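Working notes for the structure below.
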Amino acid sequence: MENVERAAASAPPRREAYGARLWKDTIRDRWLYFMLAPGLVYFLIFKYGPMYGLIIAFQNYQPVSGFFGSDFVGMKHFARLFSEPVFLMLFKNTLVLAVYNIIFFFPAPILLALLLNEVRRQYFKNIIQTLIYIPHFISWPVVVGLCYVLFTTNGGIMNEIIIRLGGQEVNWLMSADAFRPMIIIQQIWKEVGWGTIIFLAALAGVNVELYESAVIDGASRFRQTWHITMPAIRPTIVILLILRMGSFMDSGFEQIFLMVNSMNRQVGEVFDTYVYSVGLAGGQFSYSTAVGLFKSLVSLILVVAANRIARILGEEGVY
């Protein structure tokens, strides 16, 4: 009996039940969950709730019949999408703009954050940050309106400058060749400043002693940036790039819709504007839902693939 009591006393404490431990942790972190609640409710209502409506992509949906009264047609709308003559044009235009975004727009906030990080006068740095943040709060109709004022052939500033220099005016807004560069430039001007916030926060966490050691070793500013700053913010860059893949096929409806016209539609029509024209304007709800679902599936595959590649290369990834 004495041996039994001694063994019981020396045995490790019994593990607490998972449910009780979970409840205890929830009570302890209740204020964190309270702050999480608004964001969680937002995603449940506006992101996950509407996913129920994806069922109409497999139906011949009629608003009068509703979700349960409409006829089930299976993959009919997807087959129609892939057989449409405009599918290849839509896919190409969307893909080209997405690639341009990754090549030109995604690195822009990183480069700007690195430049801002080199500014030593704090008041001057604050002024620059304020100025580059402002365009983010300007709506796309205003941005496109400014673009029209600058590039129109009817008294546009850019054409006036070209004419005064002895050149011929250029119809930028109707040019198919100028459409994509203008779209990317608008996005960079509007969002590059706002995109620096995360990278500046990551740069603030770099150990200053590393720079001091590099200076002692004779490293130049470029070497310090390449060997200290870039490795420090690399995990942030990788995670944001993976998340960017989730919106890879999103070209931005408002901007594209306002910039597209009859002369540049061949290079400007994308899935977002096509869904509007056939869905809301044309009343083909099931078909437009199938188009949107196809676009979302492509983005999902890209996110999974990008996360897998990041894990293979030694990065943490998103999951």
Which is the longest run of the chain containing none of the trypsin sites (Lys or Arg not before Pro) found in DSSP loop states (not H, G, I, E, B) with at most 14 other C-beta atoms within 10 Å?
122-319
When a/c is below 1.5 the answer is rounded, else prolate if a/b is larger than b/c, else oblate, so apply that to the stretch 23-163 with a ≥ b ≥ c taken from the square roots of the Cα gyration tensor eigenvalues.
oblate
The chain: relative contact order in percent, alpha carbon pairs under 8 Å with at least 6 residues between:
23
Using the Cα centre of the stretch 224-319 as origin and beta-carbon charges of +1 (Lys, Arg) and -1 (Asp, Glu), tell me which of MET230, VAL275, TYR287 is placed farthest towards the positive end of the dipole.
MET230
Only Lys, Arg (+1) and Asp, Glu (-1) charged, at Cβ; the stretch 20-167 dipole about Cα centre in debye:
500
Using the Kyte-Doolittle scale, which helices in the chain average at least -1.0 and also have C-alpha atoms spread 18 Å or more along the helix axis, with helices defined as whole DSSP H runs?
30-43, 87-100, 176-204, 230-245, 285-312
Per residue solvent-accessible surface (Å²) - the stretch 229-298, probe of 1.4 Å:
42
What number, rounded to the nearest 500 deg cm²/dmol, is the helix-based mean residue ellipticity at 222 nm of the chain, given -39500 (n - 2.57) per DSSP H run of at least four residues and division by all its residues?
-19500 deg cm²/dmol
Let me check something: with ligands and nucleic acids excluded, how do HIS227, HIS77 order by accessible area (1.4 Å probe), largest to smallest?
HIS227, HIS77
Quick tally, 1.4 Å probe accessible area for MET245, MET174, MET230, sorted with the most first, runs MET174, MET230, MET245
Hey, rough spin-label estimate for VAL304 and THR225, points 7 angstrom out along Cα→Cβ, what's it come to in nanometres?
3.9
Determine, from the Cβ-Cβ distance of SER296 and VAL64 and an R0 of 25 Å, the FRET efficiency 1/(1 + (r/R0)^6), rounded to the nearest 0.05.
0.40
Distance between modelled label sites at ALA204 and SER175, nm, 7 Å Cα→Cβ extension
4.2
The list (1) 103, 72, 35; (2) 55, 50, 39; (3) 61, 51, 35 gives values of Cα extents along the principal axes in Å, and only one came from this structure; which label was calculated from it?
(1)
Of the candidates GLY292, GLY39, GLY167, which one comes out as most mobile in a Gaussian network treatment of the chain with C-alpha springs shorter than 10 Å?
GLY39
Between the modelled labels at GLU316 and VAL119 (7 Å from Cα along Cα→Cβ) the distance in nm is 2.9
By the scheme Lys and Arg +1, Asp and Glu -1, what is the net charge of all other residues having a beta-carbon under 15 Å from that of ILE184?
0
Residue separation between GLN266 and PHE78 times 0.36 nm, minus their alpha-carbon distance, gives in nm 65.4 nm
Calculate, for TYR52 and PHE87, the FRET efficiency according to 1/(1 + (r/R0)^6) with r their C-beta to C-beta distance and R0 30 Å; round to the nearest 0.05.
0.65
Under the Karplus relation 6.51 cos²θ - 1.76 cosθ + 1.60, θ = phi - 60°, what is the ordered set of whole-Hz ³J(HN,Hα) values for the stretch 270-284, x standing for Gly and Pro?
10, 4, 4, 6, 5, 4, 5, 5, 8, x, 6, 6, x, x, 8
Rounded, prolate or oblate for the stretch 260-308? Axes are the square roots of the Cα gyration tensor eigenvalues, ordered a ≥ b ≥ c, and the cut-off for rounded is a/c under 1.5.
oblate
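The values are calculated or read from the model by the stated rules, or taken from the named source; none is laboratory data. Predicted model, so just to flag it, every value in this text is computed and none were measured. As a convention, Cβ positions derive from the backbone with ideal geometry for all residues, glycine included, and neighbour counts pool all protein chains shown. Heads up: the accessible areas ignore ligands, DNA and RNA and are worked out on the full protein's heavy atoms, side chains in. Shrake-Rupley method; radii C 1.70, N 1.55, O 1.52, S 1.80 Å.
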